[in-house]
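As structure tokens, the structure follows; a few thoughts come after it.
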Amino acid sequence: MRMPQDAQQIRELAAYYDEADTSQDLERTQRDDSVVAEPMVTTSLRLPRSTINDLRRHAEERGVRPTQLVREWVEAGLAGAEGGEAMIPASRLLKLVREAGASRGYPLSQKAATQKAGKRKAASTKAASTKAAPAARDR
């Protein structure tokens, strides 16, 4: 099976971040709460049953719901049609990270990966606020 070029790039990035220490980068980050998610609108789409079955199979392989996969494909298609940069869907990134972890003996379900990411973010936020607190007391 031939891998798409972007999948190879994702694997290279995953390999880099497996070894790289990004803790200093995380310490310099600031949370941006100014972005508001755009509300989702429901639409109906008629497709042949065989196409829906293929869609469900692809979504299951990526560990996402069929609606999310359709949304990613539509967004990627529109970005390409408008001459934008190539998009790599988050579901593909998460799947490759899970596969890379499983191949190294660290199997993670999608739910566990999401929970771990949330815990790491909370820990880094707490660490950043703890470091900032002494500076505020010194004033």
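Arg139 is checked against (1) among the basic types (Lys, Arg); (2) at pLDDT below 70; (3) in a helix (DSSP H, G or I) and fails just one. What number does that condition carry?
(3)
What are the residues in segment 49-105 that are part of a helix (DSSP H, G or I), among the acidic types (Asp, Glu) and closer than 20 Å to Gln9 by Cβ, if any? It would help to see each step written out before you state the result.
Our first condition is that a residue be part of a helix (DSSP H, G or I); within segment 49-105, this holds for 49-62, 66-81, 90-103.
Adding the requirement that they be among the acidic types (Asp, Glu) leaves 54, 60-61, 72, 75, 99.
Selection gives Glu61, Glu72, Glu75, Glu99.
Failed condition for Thr67, given (1) modelled with pLDDT under 85; (2) surrounded by 12 or more Cβ atoms within 10 Å (Cβ to Cβ); (3) not basic (Lys, Arg), with all others met?
(1)
Search segment 1-28 for residues being modelled with pLDDT of 80 or more and assigned to a loop (DSSP other than H, G, I, E, B), and hand back the single one that is farthest from Arg92 (Cα to Cα).
Arg28
The values are calculated or read from the model by the stated rules, or taken from the named source; none is laboratory data. Being a predicted model, the structure only gives us computed values, none of them experimental. Using ideal geometry, Cβ is built from the backbone for each residue, glycine included, and neighbour counts are taken over all protein chains shown.
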